[in-house]
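Peer 1: There's a structure below that I have some questions on.
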Amino acid sequence: MLIVTVLSCLTAVTILSFRPDQQEPKKLKNIKVFPAEFTYQQVDHAMDEFKADLGVKCGYCHAPSKDNPRKMDMASDANPKKDIARDMMRMTMEMNKKYIAAIPHADTTKVQLITCNTCHRGAGKPFGKVNNTPPPPPFEGAPPPPPPGQGK
């Protein structure tokens, strides 16, 4: 009985010693617009959406690290585009709260919120009056619509 108990204890200690350590969650620094309770994963997911909506990489808004220019200093405010992005986030949240939320809809209806993609459509600068360029075609590679009167 003693041998079984000792072997059980040794087995348990061995298993626990090889268990991967729980990593401490990454701490967010210099967060000014996202809610304070947001996790690193939630902010990282939002950043991935921003990159896709604007067709840019992290360095578009974030400054390089002073210690290693190949890495980004995500907390730094050295890049002025980061403040512009924060203003755009505030504007988008305000429009969704003030206007989109006020649109009456059935509970089963999915309401399309305003996002960065609403205006940027994959470009660093929004389309329209801001940079005087027409928006891209609705579908990449789609043929142009037929001239008036020559539809199907």
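The values are calculated or read from the model by the stated rules, or taken from the named source; none is laboratory data. Treat the numbers as computed from the prediction; the structure is a model and nothing was measured. Neighbour counts are summed over all protein chains in view; Cβ atoms, including those assigned to glycine, are modelled from backbone coordinates with ideal geometry. Surface areas here come from the heavy atoms of the whole protein model, side chains and all, with no ligands, DNA or RNA. Shrake-Rupley method; radii C 1.70, N 1.55, O 1.52, S 1.80 Å.
Peer 1: Evaluate 2.2 N^0.38 Å with N set to the residue count of the stretch 37-77, then give the Cα radius of gyration divided by it.
Peer 2: Values: Rg = 11.1 Å, N = 41, 2.2 N^0.38 = 9.0 Å.
Cα Rg divided by the expected 2.2 N^0.38 Å: 1.23.
Peer 1: Something else about it: DSSP loop chymotrypsin sites (Phe, Trp or Tyr not before Pro) in the stretch 33-131 with at most 10 other Cβ atoms within 10 Å of their Cβ, which ones? Walk me through the intermediate numbers first.
Peer 2: Details: sites: 38, 40, 50, 60, 99, 127; in loops: 38, 127.
Sites meeting the loop and neighbour criteria: none at all.
Peer 1: Over the stretch 57-98, what number does the Rg to Rh ratio reach, with both radii from the alpha-carbon atoms and Rh per Kirkwood? Write down the numbers at each step before the final one.
Peer 2: Working: Rg = 12.8 Å, Rh = 11.2 Å.
Rounded to two decimals, Rg over Rh is 1.14.
Peer 1: Another question about this same structure. So what are the radius of gyration and Dmax for the Cα set of the stretch 13-109, in Å?
Peer 2: Radius of gyration, then largest Cα-Cα span, for the stretch 13-109: 18.6, 61 Å.
Peer 1: Students sometimes get this wrong: rank 10, 2, 54 by accessible area, probe 1.4 Å, all chains present, largest first.
Peer 2: Ranking 10, 2, 54 by accessible area, largest first, yields 2, 10, 54.
Peer 1: Solvent-accessible area of residue 4, probe 1.4 Å, all protein chains present, reported in Å² to the nearest ten, please.
Peer 2: Roll a 1.4 Å probe over it and residue 4 shows about 90 Å².
Peer 1: Quick one: accessible surface of residue 93, probe radius 1.4 Å, all protein chains present, in square angstrom to the nearest 10.
Peer 2: 100
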